[in-house]
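Read-outs throughout are calculated quantities, based only on the coordinates presented, and are distinct from any laboratory measurement. Everything numeric in this text was worked out from a predicted model, so none of it was measured. With ideal geometry, Cβ positions are generated from the backbone for all residues, glycine too; neighbour counts draw on all protein chains shown.
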Amino acid sequence: MVDIFKEVRERLNMEDVARHYGHKPNRAGFIRCPFHQGDRTASLKLYPGGRGWHCFGCNQGGSVIDFVALDLGLSPLDAVKRLNMDFALGLPIDRRQTPAERREAEQAAQRRREVADTYRAFDQWRTDTINKLNACFREAHLLQISSLDRLTEREALALPKPSRASKVKQSAPTWLASCWGAARQS
C-alpha cells in the first residue's frame, strides 16, 4: 500500500501549495502567518521542495499537509484528500493504485514540476531584468549629474536656460537606450 502522506509531501512544493490557497510568498519565501493575529510583516517561512514551513511569530511549523490542515481547519487525512483532489495527484486514498494510474499521476506531477520550474525561471529572469534596468537608470542619472559637473561656471552662465537643460539631457537618454539594448541582449 502507498504511504499517501509521504507521497503528498514528496510530490508537492510548499510555495506552490501556499499560492494555490491564496498566499503570495515574497522573494525570500515569506508570507504573513494566517495562524496568529497581528502579523504585520511576513513571519512564516516557506522552505523549498518538501521541507515544509515555519512561523517565527507563533513558532508553528510542519509539512505541506500540516499547513493545509491548519489553514483550512481539516484533519490531516482530510487535508491529504483535499490536496489529492486540488492538485490531481491521483493517489489511491481508499483503494490501491493501478499501474496506469500511477504512471498518469507521475506524469501529471512531472508536468506540475515543469510548470513550477518555468514559473521560477521566469520570476528570476524578471527580477534580473528589473535589476539591470535599475542599474541603467542609476548610471544614466549619474551620467546626467556628472555632465553638469564638467561645465565650468563660465560655460554654464553662457548657456541660455533652455538649451543648457537640453544639452544635459541629450547624453543621458542616448546612453540609457544603449544600456537598455545591452540589458535586453543578455
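For the stretch 21-26, 3J(HN,Hα) computed residue by residue from phi via the Karplus equation (6.51, -1.76, 1.60; θ = phi - 60°) reads 9, x, 9, 10, x, 7 Hz, glycine and proline entered as x. Sequence-ordered 3J(HN,Hα) estimates for the stretch 73-84 from the Karplus curve with 6.51, -1.76 and 1.60 and θ = phi - 60° stand at x, 10, 6, x, 5, 5, 5, 5, 4, 5, 5, 4 Hz, glycine and proline given as x. Using the Cβ of GLY90 as centre and a radius below 11 Å, the other residues enclosed give a net charge of -1, where K and R count +1 and D and E count -1. Going from the fewest other Cβ atoms within 10 Å to the most, the residues LYS45, LYS6 appear in the order LYS6, LYS45.
Using only alpha-carbon positions in the stretch 4-97, the gyration tensor eigenvalues give semi-axes of 24, 13, 10 Å once each is multiplied by 5 and square-rooted (largest first). Among 10-17, 119-126, sorting by the average number of other beta carbon atoms lying within 10 angstrom of each residue, highest first, gives 10-17, 119-126.
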